Amino acid sequence: VLASLPLQMMLYFNVYYFPIWCLAEGMMLQLKYHLLPWHYQFLLVTAFLTLSLAECCRLYLGYVGNLQEK
């Protein structure tokens, strides 16, 4: 079984686009944060942190799994 080249390319580009997405999403969060009620503020920050952590784990596991042919 060989490592998947298309998957490796998608992971490679995603590693470079993820910080750009994080920066843009963080700027949008900062701009609209004070306009929202407190429960939406909490949900928005929680969702942002959860998605960021999940994406980091997904990219790491994708690299490791693809390169080790798992």
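The values are calculated or read from the model by the stated rules, or taken from the named source; none is laboratory data. Bear in mind that the values here come from a model prediction, so they are computed numbers and not experimental data. We place every Cβ from the backbone using ideal geometry, glycine too, and count neighbours over all the protein chains shown. Note: accessible area is taken over every heavy atom of the protein model, side chains too, but ligands, DNA and RNA are not part of it. Shrake-Rupley method; radii C 1.70, N 1.55, O 1.52, S 1.80 Å.
Numbers for the structure displayed
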| quantity | calculated |
| --- | --- |
| Within the stretch 34-44, considering residues that are free of Cβ contacts under 8 Å to residues at least 12 places away in the same chain and in a helix (DSSP H, G or I), the one most open to solvent (accessible area, probe 1.4 Å) | W38 |
| Test: residue in the stretch 1-24 that is touching a residue at least 40 places away in the same chain (Cβ under 8 Å) and surrounded by fewer than 10 Cβ atoms within 10 Å (Cβ to Cβ) | yes |
| Residues that are open to solvent by 80 Å² or more (accessible area, probe 1.4 Å), assigned to a helix (DSSP H, G or I) and not aliphatic (A, V, I, L, M), drawn from the stretch 51-70 | R58, Y60 |
| Selection from the stretch 5-51 of residues that are among the hydroxyl-bearing types (S, T, Y) and under 17 Å from the mean Cα position of the chain (by Cα) | Y12, Y16, Y17, T46, T50 |
